[in-house]
Amino acid sequence: MKVPLQITKQEILTFYKPVNPLAHKGIQGHALIIGGSYGKIGAVVLASKACLKTGCGLVTAFVPKCGYQIVQTSIPEVMAATDENENCLTNIVLPVEPEAIGIGPGMGQDKESQKALFNFLKTANKPLVLDADALNILSLNKSWLDLLPENTILTPHPKELERLIGSWESDTEKFENTIAFSEHYKVIIVMKGAPTFIVNQSKIYQNTTGNAALATAGSGDVLTGMITSLLAQGYVPDQAVRLGVYLHGLTADIALPKTGYQSFIASDIIKNLGKAFLSLEK
């Protein structure tokens with residue numbers, strides 16, 4: 001395996017775009033976060049809030065009916081639209097014309113939700129981030145991978161990656177299989193872990209931020225929201241994914257002296273995003 005390129009502050013600053021002083025919400029991008037099911041609406045709340053806090057001008061969450069009140073009360077800045085089904089997604093109708101879409105957090109794997117994802121992918125033409133149950137559904141229906149638009153971003157943790165590419169005997173084999181998968185489907189894969197690697201066909205990046213505090217529930221949902229936000233703001237997928245992963249890790253490095261490893265939670269990533277951006281701009 002060739003030596004990965006390091007994702008450092010210096011490297012990030014070669015493409016990082018500070019906010020235009022004359023910006024208004026209409027030019028800061030509109031992102032759509034799709035997901036949630038009964039008992040798992042929190043995943044969409046985390047992704048949507050992270051999406052806003054990463055600089056997106058407008059965010060809409062598309063959830064089952066049971067998530068409507070939760071989204072509206074827990075993040076008043078986010079707009080909510082609902083499926084006709086109470087407990088899970090059955091028919092994904094785009095309520096807005098977004099610049100980017102993140103799909104999967106908390107979605108569950110109901111048969112109806114699987115069908116909804118298939119119908120969504122058949123017409124998908126926006127920059128896309130797939131996470132969590134969207135990845136698990138694809139693992140069960142591998143022929144659907146052909147529907148993914150080029151440069152779609154997949155963000156699997158190790159178990160989700162294994163379901164997608166098959167098991168491996170060594171790190172070398174894991175990377176070879178991930179590269180082959182990325183090249184075959186022309187997708188970008190975020191191999192979440194310590195450290196996190198990004199595989200974009202023949203390009204491999206290794207993140208230099210982050211620590212064990214990130215090993216906590218909801219951390220991945222936050223990353224999905226962050227990357228979707230950066231896509232909606234006009235970063236190309238290869239840049240959005242590197243900046244998202246770098247900032248995500250950086251929040252944990254900033255927070256660690258105050259929280260310690262044990263009491264850092266996914267909301268703390270969102271809480272420390274402002275400081276992460278400020279440290280980029282110093």
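Considering every residue within segment 216-230, establish whether at least one is out of contact with any Leu (no Cβ under 6 Å at 6 or more places or on another chain), free of Cβ contacts under 8 Å to residues at least 40 places away in the same chain and not basic (Lys, Arg). No, the conditions are met nowhere in segment 216-230. Among the residues of segment 19-46, the ones that are in a loop (DSSP other than H, G, I, E, B), farther than 22 Å from Lys126 by Cα and modelled with pLDDT of 95 or more come to 5 in all. Within the set Thr60, Thr82, the sole residue that is of a type in the set (Ser, Thr, Tyr), within 16 Å of the chain's Cα centre (by Cα) and within 25 Å of Lys122 (Cβ to Cβ) turns out to be Thr60. Tell me which residues, restricted to segment 242-282, are among the hydroxyl-bearing types (Ser, Thr, Tyr) and farther than 19 Å from Gln206 by Cα. Of everything in segment 242-282, those that are among the hydroxyl-bearing types (Ser, Thr, Tyr) and farther than 19 Å from Gln206 by Cα turn out to be Thr259, Tyr261, Ser263, Ser267, Ser279. Within segment 156-172, restricting attention to residues that are hydrophobic (A, V, I, L, M, F, W, C) and in a helix (DSSP H, G or I), the residue that is farthest from the chain's Cα centre (by Cα) is Ile165.
The requirement of being touching a helix residue (DSSP H, G or I) at 6+ places or on another chain (Cβ under 8 Å) and either among the hydroxyl-bearing types (Ser, Thr, Tyr) or touching a residue at least 12 places away in the same chain (Cβ under 8 Å) (or both) is not satisfied by Leu94. Being surrounded by fewer than 16 Cβ atoms within 10 Å (Cβ to Cβ), in a loop (DSSP other than H, G, I, E, B), touching a Ser or Thr at 6+ places or on another chain (Cβ under 9 Å) and not hydrophobic (A, V, I, L, M, F, W, C) holds for only one residue in Glu84, Glu97, and it is Glu84. Is there any pair linking a residue in segment 113-126 that is in contact (Cβ under 8 Å) with a residue 60 or more places away in the chain and more than 21 Å from Pro237 (Cβ to Cβ) to one that is surrounded by 15 or more Cβ atoms within 10 Å (Cβ to Cβ) and not small (Gly, Ala, Ser), with Cβ under 8 Å and at least six apart or on different chains, and which? What qualifies is Ser113/Cys88; Ser113/Leu89; Ser113/Thr90; Ser113/Met107; Ser113/Asp133; Ser113/Ile137. Within segment 47-77, being in contact (Cβ under 8 Å) with a residue 40 or more places away in the chain, in a loop (DSSP other than H, G, I, E, B) and buried (at least 20 other Cβ atoms within 10 Å of the Cβ) holds for Thr54, Cys56. Only one of the listed residues (Glu183, Glu173, Glu150) is free of Cβ contacts under 8 Å to residues at least 12 places away in the same chain, at negative phi and surrounded by fewer than 16 Cβ atoms within 10 Å (Cβ to Cβ). That residue is Glu173.
Just to verify a result, which residue in segment 199-228, among those that are within 19 Å of Thr54 (Cβ to Cβ), crowded, with 21+ Cβ neighbours inside 10 Å and of a type in the set (Val, Ile, Thr), is nearest to the chain's Cα centre (by Cα)? For segment 199-228, the residue satisfying everything is Thr224. For segment 119-139, residues that are outside any helix (DSSP H, G or I) and touching a strand residue (DSSP E or B) at 6+ places or on another chain (Cβ under 8 Å) total 7.
Scanning segment 100-118 for residues that are surrounded by 20 or more Cβ atoms within 10 Å (Cβ to Cβ), part of a loop (DSSP other than H, G, I, E, B) and not aliphatic (A, V, I, L, M) yields Gly104, Pro105, Gly106, Gly108.
The values are calculated or read from the model by the stated rules, or taken from the named source; none is laboratory data. Note that the structure is predicted; figures quoted are calculated from it, not measured. Don't worry about glycine lacking a Cβ; one is built from the backbone with ideal geometry, like all the others, and counts go over all protein chains shown.
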